[in-house]
Amino acid sequence: MSLEIKVPALPESVADATLVAWRKQPGDPVARDENLADLETDKVVLEVPAPVAGVLREIKVQSGTTVKAGELLAIIEEGAVAAQAAAVPIAAAAAGAEGAAPAAAPKLGPAARRVAGEKGLDAAAVAAASRDGRVASKADLQAAARPAPRPVAAPVPAAPVAARAGRVDNRVPMTRLRARIAERLVQAQQTQAMLTTFNEVDLGAVMELRARHKDAFEKKHGVRLGFMSFFVKAAIEGLKKFPVVNASVEGNDIVYHEYFDIGVAVSTERGLLVPVLRDADLLDFAGVERGVAAYAQKAREGAIALEDLSGGTFTITNGGVFGSLLSTPIVNAPQSAILGMHKTQERPMVVNGEIRVRPMMYLALSYDHRIIDGREAVQFLVTIKDCLEDPGRLLLGV
């Protein structure tokens with residue numbers, strides 16, 4: 001029985017998608033719920049699962065094509081058996097001793113599966129990359145694909161290099177995500193009266209508190225105590241004191257959000273994503289850390305869903321993980337402000353009349369000056385500084 005495979009329902013506000021790659025080819029055997037193809041939208045990669053087991057008979061749409069929900073993609077013959085085993089990496093189990101039963105293929109996300117296909121990794125290599133039974137990430141498979149180091153021979157004098165015939169430009173189209181990011185960034189700068197204010201914070205108290213309790217925290221909650229939870233909690237205190245920083249503009253109206261959905265920027269191979277911690281004010285430190293860790297894992301596996309990215313009333317981005325000392329982040333419209341964290345660096349500071357070496361970080365707040373006055377922006381940033389330099393404020397709510 002032949003079944004039509006169509007583009008699944010797309011997330012709300014998403015009109016179409018690009019068929020990035022086929023994971024099966026005509027004649028390949030297909031298991032129920034096995035991914036047939038990857039569809040890329042403006043924000044996420046969606047999988048097209050097989051509704052039944054059988055054989056992929058025909059592909060109707062080629063890679064790189066823009067498709068809409070309900071459009072015909074392929075034909076599957078239900079219950080059919082392939083004429084011969086298809087040479088599909090990962091789909092075949094690793095060959096063990098003669099007569100041994102094949103092992104199940106490890107589960108991979110779209111980004112990791114793409115790397116495995118490009119590198120020609122078989123199931124044995126994927127299983128080896130899936131350490132401790134966890135899902136292999138894209139980075140794991142890239143590491144598994146690297147050749148083993150070889151002995152280095154004695155250097156040989158290089159022959160004269162011929163003059164280069166010409167320089168080559170490689171033109172590559174933007175991915176949908178990159179094009180969407182570019183569009184939103186330009187739109188934000190064109191529609192908002194954007195301004196950035198700066199301050200600096202001494203993180204000595206936070207670092208001391210974290211060092212003293214991080215082992216007990218991880219043992220009790222099963223997640224590491226990082227710095228992001230302190231910044232999220234401090235930002236929420238500032239947003240409560242200055243609600244306009246948590247607001248947005250719709251036409252001639254200012255919409256004050258009486259909830260705190262905090263976006264945490266995550267850098268991925270595909271671009272910058274901003275998953276949202278819903279009702280972050282109701283989360284404790286462990287809840288924030290679990291949320292951030294879960295989003296980081298989903299980002300590495302290319303599994304962040306559109307609903308993870310929707311909404312948000314305020315964003316925090318950390319350029320310090322890449323070594324940035326100072327920056328002016330762009331507001332994530334329609335939000336009205338974004339907090340930029342940076343590299344923590346020891347610097348000489350005057351403390352009570354004495355020069356001391358302190359772990360300092362520059363903070364940046366970019367904001368929409370149409371609704372946020374300079375006084376409010378500066379005092380909001382000072383509130384964050386005060387909470388971080390005296391973390392007890394976060395516990396006492398003062």
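Observations, loosely collected:
- Net length available on complete extension from VAL382 to ARG224 is 54.2 nm, with 0.36 nm assigned per residue and the Cα-Cα distance removed.
- For the pair the stretch 196-210 / the stretch 298-333, the C-alpha centres are spaced 20 Å from each other.
- Area of ASP373 that stays accessible when all protein chains are in place (1.4 Å probe, Å², to 10): 80 Å²
- Kirkwood hydrodynamic radius (C-alpha pairs) into Stokes-Einstein, the stretch 184-248, 10 °C and 1.306 mPa s, D in µm²/s: 106 µm²/s
- In percent, rounded to a whole number, the relative contact order of the stretch 29-70 is 39, using alpha-carbon pairs under 8 Å and six or more apart.
- For the stretch 171-211, the C-alpha radius of gyration divided by 2.2 N^0.38 Å, with N the number of residues, is 2.09.
- Computed on protein heavy atoms with a 1.4 Å probe, the accessible areas place PHE198, PHE217 in the order PHE198, PHE217, largest first.
- Summarising the amide proton neighbourhood of LEU73: residues at separation of 5 or more, or on other chains, whose placed amide H is nearer than 5 Å comprise ILE5, LYS6, VAL7.
- Between GLN297 and GLU250, full extension at 0.36 nm per residue minus the direct alpha carbon distance yields a gain of 13.5 nm.
- Relative protection proxy for 298-307, 276-285, 218-227, from highest mean packing down: 298-307, 276-285, 218-227 (other beta-carbon atoms within 10 angstrom).
- Packing-based ranking, highest mean first, of 182-193, 308-319 given that Cβ atoms within 10 Å are counted: 308-319, 182-193
- Net length available on complete extension from GLN187 to LEU72 is 38.0 nm, with 0.36 nm assigned per residue and the Cα-Cα distance removed.
- For the stretch 42-81, the Kirkwood radius over C-alpha pairs fed into Stokes-Einstein at 10 °C and 1.306 mPa s yields D = 134 µm² per second.
- Cross-link pairs beyond the 30 Å C-alpha cut-off, checked among LYS68/LYS233; LYS241/LYS298; LYS219/LYS241; LYS220/LYS241; LYS214/LYS298: LYS68/LYS233; LYS241/LYS298; LYS219/LYS241; LYS220/LYS241
- Ellipsoid semi-axes in whole angstrom, largest first, where each is sqrt(5λ) of the Cα gyration tensor of the stretch 280-398: 27, 19, 17
- Each of ILE59, ILE330, ILE384 has its accessible area taken with a 1.4 Å probe; listed largest first, they run ILE330, ILE59, ILE384.
- On the beta carbon distance between GLU258 and ARG370, with R0 = 22 Å, the FRET formula returns roughly 0.60.
- Solvent-accessible surface of protein heavy atoms, probed at 1.4 angstrom with all chains present, puts GLU269, GLU289, GLU250, GLU389 in the order GLU269, GLU250, GLU389, GLU289, largest first.
The values are calculated or read from the model by the stated rules, or taken from the named source; none is laboratory data. Quick caveat: nothing in here was measured; it's all calculated off a predicted structure. When we count neighbours, we look across all protein chains shown, and the Cβ atoms used for this are built from the backbone with ideal geometry, even at glycine. Heads up: the accessible areas ignore ligands, DNA and RNA and are worked out on the full protein's heavy atoms, side chains in. Shrake-Rupley method; radii C 1.70, N 1.55, O 1.52, S 1.80 Å.
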